[in-house]
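Participant: The structure's right below; bear with me while I get my questions together.
Computed from the coordinates by the stated procedures, all read-outs in this text should not be read as laboratory data. Because the structure is a prediction, the values reported are computed rather than measured. A quick note on method: Cβ atoms are made from the backbone with ideal geometry, for glycine too, and the neighbour counts reach across all protein chains shown.
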Amino acid sequence: MNRKSIFFTIDSLFALLLAASFFVYLNYYIETSQTTAQVDLVTMSNDALAVLEKSGALSQSVHAMNTSLLQSYLDAMPVQICANIRVYNRAGVNLLNAAKTGCTSDEELVIMRRVFIDRVELYLAKMEAWYRVS
Amino acid sequence: MKKAQMFSLDLIFASIIFIGIITILINSWTTASNRAYYDEQYKRLELSARSLANLLLQTEGNPSNWTSASVSSIGLAQSTSLNRLNTTFKSRPAGLNKRGAWYLDSTKVNALQAMDYILSKTLMGLSADEHYYLIISQWNNSAYVPYYVLGMPPYANATNVVGLERFALLNNNWARFEFRVWAE
């Protein structure tokens, strides 16, 4: 009898599957680290609204009904960030709109809001931010 | 009667394949564990950078009128006390005043700049092989111009560098806060 032995058994198949699944899991674990990009957008938008409110830029803009200050601020934001700011009065009427130059809108938005006062009137500033796609 | 021959062609092939598999496994394992280590380090640095940026921009430090001699916690926000008294344990209406979070105190920034680097690093909770680098730029009506540069710039061969960009007010002007935490 001259049959060669077969090394490939059910045991080795199980071992192979186990090893393969271990490496697939390891690879998956390493690859899927949580993205923190959204957190950065939230932080940056929050900073932007706080700075604009505390520097008086929001109230000056509403008072003069002019978006040039907001526009300058948005245009000086990092290149990869796109954003727009809308200001509403207490009745919800949109008073001002400013958007960063050269940005088109994207679906993955971060929205931040901040209430501010100008001459005893309450206003709402809403900022939408997203990452530039191209 | 012939003696059995242990050293066959099959065995050579099997050994080569086995050694090949073991080599690939060891290489994969080393690569995977290195990646895991650097990923973990990056996450740790990212967390440190975020916490430190918040600490520096949004707190006054302790005491709130700290100097390099009295500091126990670093914060660069202006004290809510107009006459620079320690307000650490006093309540404050922080929402409406023009001081506090986001208002950087140039005296504190200068104090941090003049402080011994190792001491400042220790106060920020960074370990021996971790460093910070901070550039504070001020708006000049058309662009942000660097005003303060603190800490140590990353080495060319730094293992991980985490960068953050935040915004604040300096001397009642818009300011950009570029903060990097990096590991040797």
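Participant: Over chain A, with a single point scatterer placed on each C-alpha, what log10 of the ratio I(q)/I(0) does the Debye formula yield at q = 0.19 1/Å?
Facilitator: -1.04
Participant: So for chain B, averaging the separation of alpha carbon pairs under 8 Å that are six or more residues apart and normalising by length, what relative contact order in percent results?
Facilitator: 19 percent
Participant: Sticking with this structure for a sec: Along Cα→Cβ, 7 Å out, is where each label goes; now give me the distance between the ones at B:SER33 and A:LEU95 in nm to one decimal.
Facilitator: So the two model labels end up 6.3 nm from each other.
Participant: Taking θ = phi - 60°, what integer Hz values does the Karplus form 6.51 cos²θ - 1.76 cosθ + 1.60 yield along region B:122-129, in sequence order, with x for Gly and Pro?
Facilitator: Per residue, the Karplus-derived 3J(HN,Hα) values read 5, 5, 7, x, 8, 7, 4, 9 Hz.
Participant: Within a 10 angstrom radius of each residue's Cβ in B:29-38, how many Cβ atoms of other chains show up on average? Whole number is fine.
Facilitator: If you average over the peptide's residues, the count of other-chain Cβ atoms is 2.
Participant: Any idea how far apart A:VAL42 and A:VAL133 come out in nm if each label point goes 7 Å out from Cα toward Cβ?
Facilitator: 2.4 nm
Participant: Would you kindly state the longest site-free stretch of chain A, with sites defined as GluC sites (Glu not before Pro) in a DSSP loop (not H, G, I, E, B) surrounded by at most 12 other Cβ atoms within 10 Å?
Facilitator: Segment A:1-106 is the longest.
Participant: Ratio of alpha-carbon Rg to the 2.2 N^0.38 Å globular estimate for region A:55-105, to two decimals, please.
Facilitator: After normalising by residue count via 2.2 N^0.38 Å, the value is 1.16.
Participant: Give me the inter-chain shielding for A:49-56: mean count of other chain Cβ atoms within 10 Å, whole number please.
Facilitator: The per-residue average across the peptide is 6.
Participant: Now, a different point. Which trypsin sites (Lys or Arg not before Pro) in region A:80-134 pass both tests, a DSSP loop state and at most 10 other beta-carbon atoms within 10 Å?
Facilitator: A:ARG90, A:ARG119
Participant: Over the residues of the protein assembly as shown, compute the C-alpha Rg and express it relative to 2.2 N^0.38 Å.
Facilitator: The protein assembly as shown yields a ratio of 1.46.
Participant: Here is a follow-up. Going through region B:1-81, which chymotrypsin sites (Phe, Trp or Tyr not before Pro) have at most 10 other Cβ atoms within 10 Å and a DSSP loop state?
Facilitator: Those satisfying the criteria are B:PHE7.
Participant: So what's the angle, to the nearest 10 degrees on a 0 to 90 scale, between helix B:9-58 and the longest Cα principal axis of chain B?
Facilitator: On a 0 to 90 degree scale, this one is about 0.
Participant: Still on this structure: Please give the calculated 222 nm ellipticity per residue for chain B, where each DSSP H segment of at least 4 residues contributes -39500 (n - 2.57) and the sum is spread over every residue; nearest 500 deg cm²/dmol?
Facilitator: One gets -12500 deg cm²/dmol as the mean residue ellipticity at 222 nm.
Participant: Counting chymotrypsin sites (Phe, Trp or Tyr not before Pro) as exposed when in a DSSP loop with at most 10 other beta carbons within 10 Å, what is the longest stretch of chain A free of them?
Facilitator: A:9-134
Participant: Compute the FRET efficiency between B:SER68 and B:ARG44 as 1/(1 + (r/R0)^6), taking r as their Cβ-Cβ distance and R0 = 30 Å, and round to the nearest 0.05.
Facilitator: Efficiency computed from Cβ-Cβ geometry: 0.65.
Participant: What 222 nm value per residue comes from the helices of chain A, counting each DSSP H run with n ≥ 4 as -39,500 (n - 2.57) and dividing by all residues, nearest 500 deg cm²/dmol?
Facilitator: When only DSSP H runs of four or more count, the value is -13500 deg cm²/dmol.
Participant: Give the shape of chain B as rounded, prolate or oblate, defined through the alpha-carbon gyration tensor: a ≥ b ≥ c are the square roots of its eigenvalues, a/c under 1.5 means rounded, and otherwise the shape is prolate if a/b is larger than b/c and oblate if not.
Facilitator: Because a/c hits 1.5 or more and a/b exceeds b/c, chain B counts as prolate.
Participant: Let me ask something else. Across the protein assembly as shown, how many lysine pairs, 8 or more positions apart or on different chains, have C-alpha atoms separated by under 16 Å? Please give the number.
Facilitator: 4
Participant: Any idea what the alpha-carbon Rg over 2.2 N^0.38 Å comes to for region A:70-133?
Facilitator: Taking the Cα Rg and dividing by 2.2 N^0.38 Å, one obtains 1.17.
Participant: First select every other residue whose beta carbon is under 12 angstrom from the beta carbon of B:TRP139; then total the charges, Lys and Arg +1, Asp and Glu -1.
Facilitator: 0
Participant: Say the dipole of the protein assembly as shown comes from +1 at the beta carbon of Lys and Arg and -1 at that of Asp and Glu; which of B:ILE16, A:ILE117, B:TRP139 then lies farthest toward its positive end?
Facilitator: The listed residue farthest towards the positive side: A:ILE117.
Participant: With only Lys, Arg, Asp and Glu charged, each at its Cβ (+1 for the first two, -1 for the last two), find how big the charge dipole of chain B is about the Cα centre; round to the nearest 20 debye.
Facilitator: So the dipole magnitude of chain B works out to roughly 380 debye.
Participant: On to the next question. Count, for each residue of B:109-115, the Cβ atoms from other chains sitting within 10 Å of its Cβ, then give me the mean as a whole number.
Facilitator: Taking the mean over all residues of the peptide, I get 0.
Participant: Taking the beta-carbon count within 10 Å as an exposure proxy, list A:VAL79, A:VAL120, B:VAL109 from fewest neighbours to most.
Facilitator: A:VAL120, A:VAL79, B:VAL109
Participant: List residues of region A:85-109, by number, whose backbone nitrogen lies under 19 Å from a label position 7 Å along Cα→C-beta of A:VAL120.
Facilitator: The answer is A:89-91.
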